1. Do you know which residues across region 74-88 are among the aliphatic types (A, V, I, L, M) and under 13 Å from residue 129 (Cβ atoms)?
2. Looking at (1) closer than 21 Å to residue 62 by Cα; (2) not in a strand (DSSP E or B), which one does residue 87 not meet, given that it meets all the others?
3. Whether any residue in region 115-135 is of a type in the set (Ser, Thr, Tyr) and over 22 Å from residue 63 (Cβ atoms) is what I want to check.
4. Return the residue satisfying two criteria in turn: it lies in region 90-125 and is in a strand (DSSP E or B) and touching a helix residue (DSSP H, G or I) at 6+ places or on another chain (Cβ under 8 Å), and of such residues it is nearest to residue 172 (Cα to Cα).
5. In region 130-168, what residues are touching a Phe, Trp or Tyr at 6+ places or on another chain (Cβ under 8 Å) and outside any loop (DSSP other than H, G, I, E, B)?
Amino acid sequence: MKRRRPRPSALLVRRLATVCALTAGAGALPPPVGPNATLFAQREIRPPKELRQPFYGPPPPPSPAERIGKDLVRIGTITVDTAKKEFSVGGFINDVQVLEFLANTKGGWKAYESAIELDTNAVNFNVSCLLIGLDNTDAVPSKMQFDPAPPQGHPLELFVEWDEGGKPRRVRAEQLI
């Protein structure tokens, strides 16, 4: 006859879950609830008393478009060349060890895992993309995390340019990663 493994008590499971939650950085698990009570995951999420950007509040308005040449437009700190279908924006290299993103916007929350911080906000960056014909009408986004099918969209070439010894140096972004 096979011996059945004893089932762990609910208290033991709760203690293990609390230890795991504390290790992961959560404060603690909510108190146990009855059968008709609202579960922790169903509770209303309230924003903190001090609103932090960029997650709360309206997005910044786009900077005014300023024509600086026949095919050149400036939007904030971004220079857009509509004839060549390209734009450029300043930025600086982040000192990071692990990368998840190539770039983030100025003061962005993902600077700790981005190679470059761009000197612009997301609204101006998006307007610049639209001006050179990039939009999401033909895009096929991932259906889930770790989707085996790659997302589809407009083909792009990304370059990083800087001065090295007084001479401009330009390399493809993927060569820096």
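1. Matches in region 74-88: 75, 78, 80.
2. (2)
3. no
4. Checked region 90-125; the qualifying residue nearest to residue 172 (Cα to Cα) is 102.
5. 131, 168
Every read-out reported here was derived from the displayed coordinates using simple, explicitly stated rules and does not represent laboratory data. It should be emphasised that the depicted structure is a prediction, and the values quoted were computed from it without experimental measurement. Quick reminder, even Gly has a Cβ in these numbers, built from the backbone with ideal geometry, and neighbours come from all protein chains shown.
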